[in-house]
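Please read the structure below before turning to the comments.
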Amino acid sequence: MTSRTSRRWLRLTAAGAGAALLLAACAGAEDIEADVDDDLVEDDDADEDDDVEDDVDDDADDADEADDDADAADGLLGELQEAGSATIGIANEVPYGFEDEDGNITGQAPEIAYEVLAELGIDDVDAEIVEFGALIPGLQAGQFDLISAGMFVTPERAEQVIFADPDYCVTYGLAVEAGNPMGLSDFQSITDEGATIAVLSGAVDEDYVNDAGIPSDQVELFGDVNDQYEALQAGRVDAVGGTFLTVVEQTEASDEIEATESFFPTDVDGNEIPGCGAFAFDDQEFRDAFNDVLDDLKEESRVVEITTGFDFPEEDVTRAFDYTVDSLVEEMEAVE
């Protein structure tokens, strides 16, 4: 039998144990709460660190964008994009770049230029009409921002301007009196018959007649395309040389003259000289950006669509796509 003292001791012991357990439980809860609070503080710190890191990243991105904008603004391309406008140089030659009866600037090269420049954020395009021989000097003097006249690529010109990749390659032709009484067909026939030929001053035609060996006293230089054909109709020259498309365009407008069969110009050794046109620039960054968009339009067949709309045969357009400006110049230098 348990004594009263023993039972009382047991109750006190049990009570003490219970109190101890309760204190331990409370202490544990406080510790847990403290741990949770610590974890929350640590999470808050982590969030703050993440926010700071995000802010740093955003600042870095903003800085990069600012640097990019600053780089663009320093060059011609950035200036043109900021203004939203550019000026092209043309020689008023159908179908490459000309002013139509309504005063609109159109042609194969301007129409392509409009689309490329729009993709670059340049929607307002003006034009300066100059003689063909003044195109490169005008570009170098800042009179316009690019040449959009279907200018043929040559190694000599490639040392003066920065060409885009060619967008067409065409054959050559002669315009002669209706009925072709002298039987002219190519440069050799001009020499053999003692005929006089009109060519554009400063154009690649001048090189062609020299390379073909036509005597200088049989060559008449003109600064304007229309003046050449007026001279032919007036009998002051026996033939006009030019890209076949230009010859066809001009001869169809008059019953007094006609076009010969097209041919490829050759040098004194009989090597064919490729005749491919391209846009020309005086600024590398602008050329590169323009060329990238132009290449995209080639892949999308938009260049073919625009160019054939000016009566270029499709094969004359796609033939150019086999070239870059570097490969074209390299081939022409090999011929020389």
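Give the order of PHE310, PHE152 when sorted by the count of other beta carbons within 10 angstrom, beginning with the fewest.
Listing PHE310, PHE152 from fewest to most nearby Cβ atoms yields PHE310, PHE152.
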Nearest 20 debye, what's the magnitude of the dipole of segment 242-317 about its Cα centre given +1 on Lys and Arg Cβ and -1 on Asp and Glu Cβ?
60 debye
Convert each backbone phi in segment 206-223 into a coupling constant with the Karplus relation 6.51 cos²θ - 1.76 cosθ + 1.60 (shift: θ = phi - 60°), then list the ³J(HN,Hα) values in order as whole Hz, x for Gly and Pro.
4, 5, 4, 5, 5, 5, 7, x, 5, x, 4, 6, 9, 10, 10, 9, 10, x
Whole-Hz ³J(HN,Hα) for each residue in segment 97-113, computed from phi via Karplus 6.51 cos²θ - 1.76 cosθ + 1.60 with θ = phi - 60°, x for glycine and proline: what do you get?
x, 7, 9, 7, 5, 8, x, 8, 8, 9, x, 4, 6, x, 5, 5, 4
Can you list the HN-Hα couplings for segment 259-273, worked out from phi with the Karplus curve (6.51, -1.76, 1.60; θ = phi - 60°), rounded to whole Hz and with x for Gly and Pro?
9, 7, 5, 6, 7, 9, x, 10, 8, 5, 9, x, 7, 5, 10
What whole-number distance in Å separates the alpha-carbon centres of segment 175-215 and segment 265-283?
17 Å
Quick one: which residues, 5 or more positions from ILE257 or on another chain, have an amide H under 5 Å from its amide H? H modelled 1.01 Å from N in the peptide plane, none for Pro or chain starts.
ALA178
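Every read-out reported here was derived from the displayed coordinates using simple, explicitly stated rules and does not represent laboratory data. Nothing here was measured: the structure is a model prediction, and the numbers come from that model. Note that each Cβ is placed from the backbone with ideal geometry, even for glycine, and that neighbours are counted across all protein chains shown.
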